[in-house]
1. Here's a check for you: in the range B:77-95, which residue that is in contact with a Leu (Cβ under 9 Å, 6 or more places away or on another chain) and open to solvent by 40 Å² or more (accessible area, probe 1.4 Å) is farthest from residue B:60 (Cα to Cα)?
2. Name the single residue, out of those in the range B:136-179 being assigned to a helix (DSSP H, G or I) and more than 7 Å from every other protein chain (Cβ to nearest Cβ), that is farthest from residue A:119 (Cα to Cα).
3. Which one of these is closer than 21 Å to residue A:155 by Cα and touching a Lys or Arg at 6+ places or on another chain (Cβ under 8 Å): A:124, A:71?
4. Residues being within 14 Å of another protein chain (Cβ to nearest Cβ), out of contact with any strand residue (DSSP E or B) (no Cβ under 6 Å at 6 or more places or on another chain) and not aromatic (Phe, Trp, Tyr): count how many of those fall in the range A:21-59.
5. Among A:33, A:65, which is the only one that is over 18 Å from residue A:165 (Cα atoms) and hydroxyl-bearing (Ser, Thr, Tyr)?
6. Mind listing whichever residues of the range A:118-130 are more than 8 Å from chain B (Cβ to nearest Cβ) and either in a loop (DSSP other than H, G, I, E, B) or not acidic (Asp, Glu) (or both)?
7. Would you check which residues across the range A:64-76 are without any contact (Cβ under 8 Å) to a residue 40 or more places away in the chain, under 22 Å from residue A:38 (Cα atoms) and open to solvent by less than 40 Å² (accessible area, probe 1.4 Å) and list them?
8. Looking at this structure, is residue A:61 open to solvent by 40 Å² or more (accessible area, probe 1.4 Å) and more than 29 Å from residue B:141 (Cβ to Cβ)?
There are 2 protein chains.
Amino acid sequence: MRKVVLGLGISLDGYIARPDGAVDFLFMPKDYSMGPFFATIDTAVMGRKTYDVALRMGGGSYDGSGMVSYVFSHSQPPGERGGVTFVNHSPRGFVEKLRKSPGKNIWLMGGGELARDFLKDDLVDELYIGIVPILIGEGLPLFPSGFPQREFTLLEHKTFSKGMIALKYARTRPNAKRK
Amino acid sequence: MRKVVLGLGISLDGYIARPDGAVDFLFMPKDYSMGPFFATIDTAVMGRKTYDVALRMGGGSYDGSGMVSYVFSHSQPPGERGGVTFVNHSPRGFVEKLRKSPGKNIWLMGGGELARDFLKDDLVDELYIGIVPILIGEGLPLFPSGFPQREFTLLEHKTFSKGMIALKYARTRPNAKRK
C-alpha cells in the first residue's frame, strides 16, 4: 500500500522554519542526497503556506520535479492550476482515495498545521526527519500540539556532515486493521 | 572547566512531560545505562517544578544519589534544606561561581523553563538527549521558545532497544572567549 511519509528538515528544537517562514538555518550536507528518498515517492502533499514558500523559492512558479502535487487550502477554490491541484476536503478521504490508485509513496511536505491534521486522522505512516544541530529559539513547529499520541518504530538513523542526523520512523499500529 | 550538560529524555515531538507533568511515555531501555553519564557529573541543577516531580516520585523525599543538588525557585527562600539548596539568583552568576570551584560536570535536569533561562545566558555546554519514538501530541517542551539561536556540534549518537536514540551535542562558540 502507498505510504504517507512526513519528511522534513528541522532544527534541534523542532522547528521547520523561523517565525517568518525563513529556512536559512537548514542545510543540505554535501554527503547527503535526496535521490533515494525521491525514488520512493511520486506525489507531494502540502499546506497552502508551504506552497506559498515553494512559490517564492521558485521565483513565482512551482517546480514539482515531476511529482503530482496537491495543496490543501481552506481559502483557495479546489482544482488544478499552476502545476498543482488544490484540495479542500478532509485529509482522510483524500488519502483513502490516493491509496486506492496505484503509485509510489506520498510525501507530506508540511507544514506543521497540515501535519497535525494528518496525525489527528492517523494518516502518517512514516517520518523522515533531518535534524540540524542548531537551536533557533522560536519558529514554526513540525509537530504543533493538538493530536493524539502516536507510537513509532525507529527504522534508520544516519549521520551526515556538519552534524545533520536523519531519522526514519514507521508508525506502529498495534491493532493494524486500517482499510 | 566544568561543563553544564542539559540531559533529558524527550518524546519525538520534543516534550519532557505531559501537560500534567507525567512522564509515563519515557522508558529506560534494558541496554541503556545512566552509569557512564553519572560518572561525569557530581552536581544537579533543576527548576522548582522539576524538584516537585522528583519529590513526588521519591514519595516525599528527594534522592540526589550523592549529587550536590540545587533548585532554582522564585518563590522558595534560598538556603539548604531537605538535601537540596534553593537558589533564587541568576543562572549566570550561579554557574560562574560553580565553575570556579573544582568538581565534575553539572547536570541541568530541567525543566524547560530553567533550560530556557540557561540558554538565554548561553550557559549550556552540552546537550544529552534521549529521544523515545512516540509523538505524545501535547506537553511541556524541553525547548520552550524565547532564547537566541545557539549552534551545536553532534558528538555522539547511539541507538538502544525499543527505538530510543541518544544524541550528544557540544555547544559551538565560534569566538569562544567565555570567562
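The values are calculated or read from the model by the stated rules, or taken from the named source; none is laboratory data. These numbers come from a predicted model, not from an experiment. Here the Cβ positions follow ideal geometry from the backbone for every residue, glycine too, while neighbour counts run over all protein chains shown. Calculation scope for accessible area: heavy atoms of the full protein, side chains included, ligands and nucleic acids excluded. Shrake-Rupley method; radii C 1.70, N 1.55, O 1.52, S 1.80 Å.
1. Restricting to residues being in contact with a Leu (Cβ under 9 Å, 6 or more places away or on another chain) and open to solvent by 40 Å² or more (accessible area, probe 1.4 Å), the top hit is B:92.
2. B:161
3. Checking each option against the conditions leaves just A:124.
4. Total meeting the criteria: 4.
5. A:65
6. A:118, A:120, A:121, A:122, A:123, A:124, A:125, A:128, A:129, A:130
7. A:64, A:69, A:71 - these are the residues of the range A:64-76 that are without any contact (Cβ under 8 Å) to a residue 40 or more places away in the chain, under 22 Å from residue A:38 (Cα atoms) and open to solvent by less than 40 Å² (accessible area, probe 1.4 Å).
8. Details: open to solvent by 40 Å² or more (accessible area, probe 1.4 Å): yes; more than 29 Å from residue B:141 (Cβ to Cβ): yes.
When the stated conditions are applied, residue A:61 passes them.
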